[in-house]
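Engineer: Once you've had a glance at the structure underneath, I'll fire off some questions.
The values are calculated or read from the model by the stated rules, or taken from the named source; none is laboratory data. Note that the structure is a prediction, hence the values are computed from the model and not measured. Counting neighbours? That spans all protein chains shown, and the Cβs are built from the backbone with ideal geometry, glycine included. These area figures cover heavy atoms from the full protein model, side chains too; ligands, DNA and RNA do not enter into them. Shrake-Rupley method; radii C 1.70, N 1.55, O 1.52, S 1.80 Å.
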Amino acid sequence: VNGGWSTWTQWSGCSTSCGRGWQKRSRTCTNPTPLNGGAFCEGQNVQKTACTTLCPVDGAWSEWSKWSVCGTECTHWRSRECSEPAPRNGGQECHGPELDTRNCTSELCSHATPGTEDVALYVGLVAVAVCLVLLLLLGVLVYCRKKGGLDADVADSSILTAGFQPVSIKPSKADNPSLLTIQPDLSTATMTYQGSLCPRQDGPAKLQLPNGHLLSPLGAGRHTLHHSSPIAEGADFVARLSTQSYFRSLPRGTTNMAYGTFNFLGGRLMIPNTGISLLIPPDAIPRGKIYEVYLTLHKQEEVRLPLAGCQTLLSPIVSCGPPGVLLTRPAILAMGHCVEASAENWSIRLKKQSCEGTWEDVLQLGAEPCTELYYCQLEAQACYIFTEQLGRFALVGESLSMAASKRLKLVLFAPAACPSLEYNIRVYCLSDTQDVLKEVIQLEKQLGGQLIGAPRVLHFKDSYHNLRLSIHDMPSSLWKSKLLASYQEIPFYHIWSGLQPFLHCTFTLERLSPSTCELACKIWVWQVEGDGQSFTVNFNIAKDTRFSDWLVPDSEVGAPALVGPSAFKIPFLIRQKIISSLDPPGTRGADWRTLAQKLNLDSHLSFFASKPSPTAMILNLWEARHFPNGNLSQLAAAVAEVGKQDSALFAVSEAEC
């Protein structure tokens, strides 16, 4: 029996902990072992290859930023970042505070008891202010009576953003004296009146509910709420706030950050083309309070997230803040993920960074939550995190079997211009989330790259097998590859950890003639004993731009900050009416539980039931999932189905939505 080689072992670790060294692998002549005088295996049983281990780099602080504008609480602040350099390759984090605050008006913010001579002055100022407010209210009342009220059938929800003035709906019949009025929030003293009391032009998007069980308190006539353009309303509201210095001068880049000033009406922050957003529902901020809220996407080299064992990062690392603010309703943080989720293959946890800098598990998906502060709705490509405490979050998974898999996005780039004979094809192996693809596209724009194939998805399993890449079928008379081996390989752990976002391999080709412009080849990417993808490349390197549109991601609708009703698809008054009608237990089950079932959210009933308004939680989740392209007609149809179980008079006209 002649001997045969066994399979190669895995490559050993690098022989040096910092710098250039060697790694090796071996095989044995045991498959089978030579018997009865059979021939021994031919060839080497040990292979060596060069390797490089990156040296640790300790982090260092950048210079302090300029002091921010003095805030409403008589403080301003400055910040610095651990980025000169950022810690890499296991280096130490920076020590010391990242944020510095101080009093910005000295004695004006002290809480000392005023003297007797100051009391009279303060009383006089208060009396003058009260008189001015009364005169303003009297003038508004006279103006409203002269105008004769609003149209009998229409109340524009966008009027809620014009200084929060009262909105009235006149009864359509003379014998119905009831009026529906939204009173102004007088506790928000920092807001000043701007805008007209006259109803503005109707917007394009509207949700119409004819009279019936849910709308019976509105009177006998039909009432329609028209929802104005989110872009126009948000820009108008933000412009008014910014002129009153409610925005801080945040000394950070705006590419991966959004921030705005919000009150009890709520709003939304979005980081364009990343799938990351923060929804602040109505009444989440206490009335009379104004919060400056930010949303930040962190680069993974800037934030150190420790992973142990088979753990892997499944989502971007996102911060929303400021931490510690009081929220009376959960905000919803939306972000993408790259996990092929299944209960038997994964244990998925939501991690939050504490004030001390340590990462803590605050929620295990699929298990009974240990606190009501956090909850997560995990969908195929995105997760929606309910949180009553803002902070820094990340989704981390631990595989329970070798069948657990992550989605990798495979993207091919090459130079848009080729002045030399050499031509490089870069194959990126990315976590399948929008934010990583956005970063690579921006990087390739700087490098002058162009996309040469439609991106594809590969399912990468926790099988400890590496990822291999190879190039084939090039015309040997026109091109040759400078790759010495038959394939390139990315180690398993480099991909599985998820902490190296821009992994790629480069295939260096050489034209045999400067006149050669046509390139045809195949590129294979596969995991050993796992999934694989094949790219067929056939294009002209000098003028082919068929995939150039991929380099311009579809812009998300709206500004990064939308404030008030313009941030929501559901008009404010109809939202309130649905909540007040479905929160109480209904006859024959016509309440919020039925609505959750109609919207395929019945697996979260226990979470919804733990909140003061379950219907509000359902509508907030619908807003987070469907903005800005949600179909109001489908939501109206679901609400109508709930109403039909309780009253045959309730109906929704989908043609009018």
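Engineer: Taking the criterion of being open to solvent by 80 Å² or more (accessible area, probe 1.4 Å) and either touching a residue at least 60 places away in the same chain (Cβ under 8 Å) or under 48 Å from the mean Cα position of the chain (by Cα) (or both), would at least one residue in region 33-51 satisfy it?
Structural biologist: Yes.
Engineer: Residue by residue through region 269-279, note down the ones that are over 13 Å from Glu439 (Cβ atoms) and open to solvent by less than 10 Å² (accessible area, probe 1.4 Å).
Structural biologist: Passing the criteria: Leu269, Leu278, Leu279.
Engineer: Those residues that are surrounded by fewer than 16 Cβ atoms within 10 Å (Cβ to Cβ) and either charged (D, E, K, R) or modelled with pLDDT under 70 (or both), I need them from region 524-549; list them, please.
Structural biologist: Of everything in region 524-549, those that are surrounded by fewer than 16 Cβ atoms within 10 Å (Cβ to Cβ) and either charged (D, E, K, R) or modelled with pLDDT under 70 (or both) turn out to be Glu529, Asp531, Lys543, Arg546, Ser548, Asp549.
Engineer: Further question: Counting only residues that are open to solvent by less than 20 Å² (accessible area, probe 1.4 Å) and closer than 19 Å to Glu368 by Cα, how many does region 582-603 have? Before you say what the answer is, go through the steps one by one.
Structural biologist: Quick first cut of region 582-603, residues open to solvent by less than 20 Å² (accessible area, probe 1.4 Å) only: 582, 590-592, 594-596, 601.
If we keep only those that are closer than 19 Å to Glu368 by Cα as well, we get 601.
Count: 1.
Engineer: Being assigned to a loop (DSSP other than H, G, I, E, B), open to solvent by less than 60 Å² (accessible area, probe 1.4 Å) and modelled with pLDDT under 90 is the requirement here; does Gly558 meet it?
Structural biologist: Values: assigned to a loop (DSSP other than H, G, I, E, B): yes; open to solvent by less than 60 Å² (accessible area, probe 1.4 Å): yes; modelled with pLDDT under 90: yes.
It is true that Gly558 is assigned to a loop (DSSP other than H, G, I, E, B), open to solvent by less than 60 Å² (accessible area, probe 1.4 Å) and modelled with pLDDT under 90.
Engineer: If I go through region 52-62 residue by residue, how many of them are assigned to a loop (DSSP other than H, G, I, E, B) and open to solvent by 40 Å² or more (accessible area, probe 1.4 Å)? Full working, then the answer.
Structural biologist: We begin by selecting, within region 52-62, every residue assigned to a loop (DSSP other than H, G, I, E, B); these are 54-56, 58-62.
So of that shortlist, the ones also open to solvent by 40 Å² or more (accessible area, probe 1.4 Å) come out as 54-56, 58, 61.
Matching residues across region 52-62 total 5.
Engineer: Now, a different point. Please go through region 63-79 and pick out each residue that is under 27 Å from the mean Cα position of the chain (by Cα) and open to solvent by less than 40 Å² (accessible area, probe 1.4 Å). Please lay out each step first, then the result.
Structural biologist: To start, the set of residues in region 63-79 that are under 27 Å from the mean Cα position of the chain (by Cα) comprises 65, 68, 77-79.
Residues satisfying the conditions are Ser65, Ser68, Trp77, Ser79.
Engineer: Across region 306-318, which residue is farthest from Met402 (Cα to Cα) among those that are in contact (Cβ under 8 Å) with a residue 60 or more places away in the chain and open to solvent by 10 Å² or more (accessible area, probe 1.4 Å)?
Structural biologist: Taking region 306-318 and keeping what is in contact (Cβ under 8 Å) with a residue 60 or more places away in the chain, we get 307, 309-318.
Add one more test, that the residue is open to solvent by 10 Å² or more (accessible area, probe 1.4 Å), and what stays is 307, 309-311.
Values: Leu307: 18, Gly309: 14, Cys310: 10, Gln311: 13 Å.
Applying the filter and picking the extreme gives Leu307.
Engineer: Residues in region 52-94 that are within 30 Å of Lys289 (Cβ to Cβ) and of a type outside the set (Gly, Ala, Ser): how many? Talk me through it step by step, then tell me what you get.
Structural biologist: Initial filter on region 52-94 (within 30 Å of Lys289 (Cβ to Cβ)): 64-81.
Now narrow it down to the ones that are of a type outside the set (Gly, Ala, Ser): 64, 66-67, 69-70, 72-78, 80-81.
Residues flagged as within 30 Å of Lys289 (Cβ to Cβ) and of a type outside the set (Gly, Ala, Ser) within region 52-94 amount to 14.
Engineer: Just checking, which of Ser633, Ser653, Ser647 is at pLDDT below 90, in contact with a Pro (Cβ under 8 Å, 6 or more places away or on another chain) and open to solvent by 20 Å² or more (accessible area, probe 1.4 Å)? Break it down stepwise before answering.
Structural biologist: Details: Ser633 fails: in contact with a Pro (Cβ under 8 Å, 6 or more places away or on another chain); Ser647 fails: in contact with a Pro (Cβ under 8 Å, 6 or more places away or on another chain).
Unique residue meeting the criteria: Ser653.
Engineer: If we keep just the residues of region 443-502 that are in contact with a Pro (Cβ under 7 Å, 6 or more places away or on another chain) and outside any strand (DSSP E or B), which is surrounded by the fewest Cβ atoms within 10 Å (Cβ to Cβ)?
Structural biologist: Gly448
Engineer: So which of Ala367, Ala380, Ala417, Ala403 ends up being part of a loop (DSSP other than H, G, I, E, B) and under 30 Å from Cys521 (Cα atoms)? Quick ask: steps written out before the conclusion?
Structural biologist: Details: Ala367 fails: under 30 Å from Cys521 (Cα atoms); Ala380 fails: under 30 Å from Cys521 (Cα atoms); Ala403 fails: under 30 Å from Cys521 (Cα atoms).
Result of the check over Ala367, Ala380, Ala417, Ala403: Ala417.
Engineer: To continue, here is another question. Would you mind finding the one in Gly288, Gly260 that is surrounded by fewer than 19 Cβ atoms within 10 Å (Cβ to Cβ), more than 15 Å from the chain's Cα centre (by Cα) and small (Gly, Ala, Ser)? Can you show your working first?
Structural biologist: Working: Gly260 fails: surrounded by fewer than 19 Cβ atoms within 10 Å (Cβ to Cβ).
Unique residue meeting the criteria: Gly288.
Engineer: Here's another thing I want to ask about it. For region 255-297, give me the residue count where each residue is touching a Leu at 6+ places or on another chain (Cβ under 7 Å) and of a type in the set (Lys, Arg).
Structural biologist: Summing the residues that are touching a Leu at 6+ places or on another chain (Cβ under 7 Å) and of a type in the set (Lys, Arg) in region 255-297 gives 1.
Engineer: Looking only at residues in region 16-30 that are in a loop (DSSP other than H, G, I, E, B) and modelled with pLDDT under 85, which one is most open to solvent (accessible area, probe 1.4 Å)?
Structural biologist: Kept after step one, since they are in a loop (DSSP other than H, G, I, E, B), are these residues of region 16-30: 16-18, 27-30.
Filter once more, keeping what is modelled with pLDDT under 85: 16-18.
On the way: Thr16: 40, Ser17: 99, Cys18: 62 Å².
Top of the filtered list is Ser17.
Engineer: Kindly establish whether Pro230 is over 21 Å from the mean Cα position of the chain (by Cα) and modelled with pLDDT under 80. First the steps, then the outcome.
Structural biologist: Working: over 21 Å from the mean Cα position of the chain (by Cα): no; modelled with pLDDT under 80: yes.
In short, no.
Engineer: Here is a follow-up. Scan region 348-400 for residues that are among the small types (Gly, Ala, Ser) and open to solvent by less than 40 Å² (accessible area, probe 1.4 Å) and jot them down. I'd like the intermediate steps shown before the answer.
Structural biologist: Going through region 348-400, the residues among the small types (Gly, Ala, Ser) turn out to be 354, 357, 366-367, 380, 382, 391, 394, 397, 399.
Scanning region 348-400 gives Ser354, Gly357, Ala382, Gly391, Ala394, Gly397, Ser399.
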